[in-house]
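Read the structure below first, then the notes.
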Amino acid sequence: MYNAVKLVCGRSFRSRTGSFKFLPNRLEKMSDPIDKLWGGRFTETTDAFVEAFTASVAFDQRLAPYDIQGSIAHARMLERIGVLAEKECDAIVEGLGDIALDISNGDFNWSVELEDVHMNIEARLTDRVGDAGKKLHTGRSRNDQVATDIRLYLRDEIGRIVDEIIRLQGALLDIAEAEAATIMPGFTHLQVAQPVTFGHHLMAWFEMLARDRERFRDCLKRVNIMPLGAAALAGTGFPIDRAYTAELLGFERPAANSLDAVSDRDFAIEFTAAASLLMMHLSRFSDELVLWSSPMFDFIELPDAFCTGSSIMPQKKNPDVPELVRGKSGRVFGSLVALLTLMKSQPLAYNKDNQEDKEPLFDTVDTVADSLRAFADMVPHLKANREAMHRAAKQGYSTATDLADYLVRKGVPFRDAHEVVGLAVRLGLESKCDLSELSLEELQQLCDRVEQDVFAILTPEGSVAARSHLGGTAPERVLEAVRTARALLPAG
Ligand code: ARG
């Protein structure tokens, strides 16, 4: 039962009891409040530049589905505790549903005067459902609302990112299996070091991505905590049921401290740190793809669909996708530093600084999602040039360590064996041949322990086959690693 109370300043208010008190004489002397949801205490309108400068709606409208999700849960909770009547709650829920539809159809007129996603949606709700809309904000603030929105958003995005990592990992497993026995040079200092299998190299990428996936999953534990109920900073005097709201929204639990809940963004920083590590990994992967696809290496061919040509040099096929991903790592690292700097030294609780969290966070999500998508789409079409890889593995005396190990097994102390092999390499350099092309006599002149069986270990195949311990590069170990990984990899 509501009675409209007309105030002298021209705005009508309603009170439940009708005994709404106001001071007409004093109000008569006051100017009208400015036209803002928070306009009551203001006498001057907001400067037009300041209005645009402080608004976040241009970028935070991305949070709309989560804002609506949060508002629906909040309204249901308010109904449960008797603050909203059933009819009011129904009107709010229905109105918000319609607004969600309008937004997804592009039929929502975002207004800078309404500052942010929260006030745009609330104002539209009130337009649609009247007074019930004005009650939605009972017991909450934009401070706990925005923190909730970002967490809901990030929770969804982490799910999508994890799925893309799984897709990329699946693609790596497929090639690693097909190339388990493909010989390539392994490098240290970008100099040929020892032969490895291409499958083993690809499984190194798989491992990095497995840790990245784990980091995102772990971060999710701290993202999935509900700020709602913290209100502006100190909580609310209404008998809210936070456990119920948290349950409706699928949060693990309500945040334990209201000041912390509205002010901290460490979960976003943690996400961006995990994203930075992922991008660092992708940048290394990218760099190898760029090198390997150059004619000097010629180890792989990238699919045409993922490369571009040159406007002047007709022969060019440029590895744009890995190059771009390598470059994009920079903006994600930048976002991490931006978010850390944004939070550094901020006094409790909410400060407007926090509005600056969104663009770096959104950009990080977009960059990571796009980079993963490009990689997951491209990797299945990588073609390995087995001959070129094998040829390169035979260059650079990559089996020198195998020869030293051979001598050790024949009773030569490792340091002496190292020196003997150094001399053998020098001999090879002088006669421009590989260790396996030196004659038995030449090798025996360097060390009399050398026998005919030495040639089996001097080939790259012999070298990789010998490394058949757990974590080694031998083809059967790679196949085993692929099998184990496949069994553990969740469906994407
Ligand atoms: N647009 C604001 C943000 O993104 C929402 C919270 C505003 N709160 C406030 N007290 N001004 O942080």
Residue hits (region 138-164; of a type in the set (Val, Ile, Thr) and more than 9 Å from the ligand (Cβ to nearest atom)) are Thr138, Thr148, Ile158, Ile161, Val162
Given (1) surrounded by fewer than 18 Cβ atoms within 10 Å (Cβ to Cβ); (2) touching a Pro at 6+ places or on another chain (Cβ under 7 Å), Pro303 misses just (2)
Taking region 108-137 only, how many residues are in a loop (DSSP other than H, G, I, E, B) and within 9 Å of the ligand (Cβ to nearest atom)? 2
Please find, within region 36-61, the residue that is nearest to the chain's Cα centre (by Cα) out of those that are assigned to a loop (DSSP other than H, G, I, E, B), more than 16 Å from the ligand (Cβ to nearest atom) and at pLDDT 85 or above. Asp47
Unmet criterion (only one of (1) closer than 18 Å to Arg155 by Cβ; (2) in contact with a Phe, Trp or Tyr (Cβ under 8 Å, 6 or more places away or on another chain); (3) buried (at least 22 other Cβ atoms within 10 Å of the Cβ)) for Ala255: (2)
When region 322-353 is checked residue by residue, the ones that are within 15 Å of the ligand (Cβ to nearest atom), touching a residue at least 40 places away in the same chain (Cβ under 8 Å) and in contact with a helix residue (DSSP H, G or I) (Cβ under 7 Å, 6 or more places away or on another chain) are Leu339, Leu342, Met343, Gln346, Leu348, Ala349, Tyr350
Given the criteria touching a Lys or Arg at 6+ places or on another chain (Cβ under 8 Å) and of a type in the set (Gly, Ala, Ser), does Ala231 qualify? yes
List pairs: first residue in region 39-66 and among the charged types (D, E, K, R), second residue assigned to a helix (DSSP H, G or I) and within 13 Å of the ligand (Cβ to nearest atom) anywhere in the structure, Cβ distance under 7 angstrom, at least six positions apart or on different chains. Glu51/Val112; Asp60/Val117; Asp60/Lys358; Arg62/Phe362
Subset of region 437-465 that is surrounded by fewer than 19 Cβ atoms within 10 Å (Cβ to Cβ) and small (Gly, Ala, Ser) - its residue that is farthest from Tyr406 (Cα to Cα): Ser439
Any pair with Cβ under 9 angstrom, 6 or more apart, that starts in region 283-312 at a residue that is at positive phi and ends at one that is of a type in the set (Gly, Ala, Ser): Asp298/Ala388; Asp298/Ala392
Among Arg222, Arg265, Arg217, which is the only one that is among the basic types (Lys, Arg) and within 16 Å of the ligand (Cβ to nearest atom)? Arg265
For region 76-90, state whether one or more residues are in a helix (DSSP H, G or I) and either among the small types (Gly, Ala, Ser) or within 16 Å of the ligand (Cβ to nearest atom) (or both). no
Checking Thr401 against (1) hydroxyl-bearing (Ser, Thr, Tyr); (2) under 30 Å from Glu461 (Cα atoms); (3) not in a helix (DSSP H, G or I), which test does it fail? (3)
The one condition Ser431 fails out of (1) surrounded by 13 or more Cβ atoms within 10 Å (Cβ to Cβ); (2) more than 23 Å from Asp298 (Cα to Cα) is (1)
Considering every residue within region 357-373, establish whether at least one is buried (at least 21 other Cβ atoms within 10 Å of the Cβ) and either in a loop (DSSP other than H, G, I, E, B) or at positive phi (or both). no
Going by the structure shown, is Ala180 in contact with a His (Cβ under 9 Å, 6 or more places away or on another chain), on the phi < 0 side of the Ramachandran plot, away from the ligand (no atom under 16 Å from the Cβ) and in contact (Cβ under 8 Å) with a residue 60 or more places away in the chain? yes
Verdict on Arg140 being of a type outside the set (A, V, I, L, M, F, W, C), under 20 Å from Thr236 (Cβ atoms) and assigned to a loop (DSSP other than H, G, I, E, B): yes
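The values are calculated or read from the model by the stated rules, or taken from the named source; none is laboratory data. Bear in mind the structure is a predicted one, so any value in this text is a computation, not a measurement. Positions of Cβ are generated from backbone atoms using ideal geometry, with glycine treated the same way; all protein chains shown enter the neighbour counts.
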